[in-house]
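Each reported figure results from applying straightforward, stated rules to the coordinates on display, with no laboratory input. Source: prediction; values computed, not measured. Ideal geometry is used to build each Cβ from the backbone, glycine not excepted, and the neighbour counts take in all protein chains shown.
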Amino acid sequence: MQNSHFKYPDTKAYDFVVDSLKRRGVTIDDLANLVYKMQAEFIPELTNDDCRNAVIDVMHKREFLNNAMVGLELDRLTETGQVAEPLASIIRNDAGVFGVDEALALQIAELYGTIGVTNFGYLDRVKSGIIKEFDTDGDHVNTFIDDLLGAIVAAACGKLAHQDA
Ligand code: MG
């Protein structure tokens, strides 16, 4: 039953996502560096601080926090054996026809329009920087986190492009 008195825990959700990413070895600076690499050619006066601020802004949006919490928890629960079969095997093996990881991430990229979406598609294909490290790490469940990282970077690129326009 929906509780209309429930207040959305923005700060707790943000801290949870930042801490979860940190535990997985991802910092805001890792993401800001990728944003800079992707956006510098389009915005000549772009600074590292601009990229950092764009990443932090994206990560404060409730739409992002909701999807990020679900994805990060599904990776963690699958890795610790708390997800039932056959879903656990599907997630653990990052089955190509699953697509829920991409769908959750795409919804984040869509917050910043077509620039967010096209950048997400690009990152999904090239898997650069920290995203590549997760894509090639076979020891952990990284099914949701790689797409979420791509979505943060893509959304931040979209935000910067719209600011610059
Ligand atoms: Mg994935």
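Adding -39500 (n - 2.57) for every DSSP H run of four residues or longer, then dividing by how many residues the chain holds, sets the calculated 222 nm ellipticity at -21500 deg cm²/dmol. Binning the C-alpha pair distances of the chain at 10 Å intervals from 0 yields a P(r) profile of 10, 40, 34, 13, 2, 0 %, listed from the shortest bin outward.
Annotation: peptides 71-81, 108-118, 16-26, ranked by per-residue average of other Cβ atoms within 10 Å with the highest first, follow the order 108-118, 71-81, 16-26. Given the options Phe120, Phe98, Phe144, which has the most mean-square fluctuation in a GNM of the chain, springs set between C-alpha atoms less than 10 angstrom apart? With Cα springs under 10 Å in the chain, the top fluctuation among Phe120, Phe98, Phe144 is at Phe98. With the cut-off at 19 Å, tell me which of the pairs Lys12/Lys127; Lys12/Lys61; Lys37/Lys61 have Cα atoms farther apart than that. Beyond 19 Å between Cα atoms: Lys12/Lys127; Lys37/Lys61. Once you treat every alpha carbon in the stretch 1-77 as an equal point and sum by Debye, what is log10 I(q)/I(0) at q = 0.28 Å⁻¹? Taking Cα atoms of the stretch 1-77 as identical point scatterers yields -1.29.
Screening the chain for DSSP H helices whose Cα atoms reach 18 Å or more along their own axis and whose mean Kyte hydropathy is at least -1.0 gives 10-23, 62-79, 113-126, 145-164. Using the average count of surrounding beta-carbon atoms within 10 Å as a protection proxy, the listed peptides 3-15, 30-42 rank, highest first, as 30-42, 3-15.
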